[in-house]
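We did not get these values from a lab; they are worked out from the coordinates using the rules stated. Computed from a predicted model, the values in this text were never measured in an experiment. In this analysis, Cβ positions are derived from the backbone assuming ideal geometry, glycine residues included, and neighbour counts consider all displayed protein chains.
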Amino acid sequence: MSVIETKVHMLESVAPDLNLVSKTLDKLIATIADDYRRKLADYERVLAEYEKRHGMTTAEFQHGFDSGELGDAPEWFDWDGYAALAQEARKKLAEVELGRS
């Protein structure tokens, strides 16, 4: 059992008002979701700048980069890194949203 699971289990055992615990956890989850939304907006802003500068979408870039067609300029690695960060943020945000429903 993880540390967090242990703490949640303990709260379920000792909290006089589980509704309060649930509301507090909901607020924590909402804060985490907001953080991922902010990060994703920042990453997407950077990706839009790359797309405008190079006249291609991030998907088009990734196809060319992954296939080796674009070479290995340092900027390509930066773009690829931001694309990966954005994808991870989307994934985590989807997990949070799924868990809230």
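Overview of results
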item	result
Dipole magnitude (debye, nearest 20) for the chain, charges at Cβ of Lys, Arg, Asp, Glu	540
Percent of C-alpha pairs per 10 Å bin, the chain, short to long	14, 32, 22, 16, 12, 5, 0
Contact order normalised by residue count of the stretch 3-100, Cα under 8 Å, 6+ apart, percent	37
From phi via Karplus (6.51, -1.76, 1.60), per-residue ³J(HN,Hα) for the stretch 45-52 in Hz, x at Gly/Pro	5, 5, 4, 4, 5, 4, 4, 5
Lysine pair count for the stretch 5-91 [Cα-Cα under 22 Å; pairs on different chains or 8 or more apart]	6
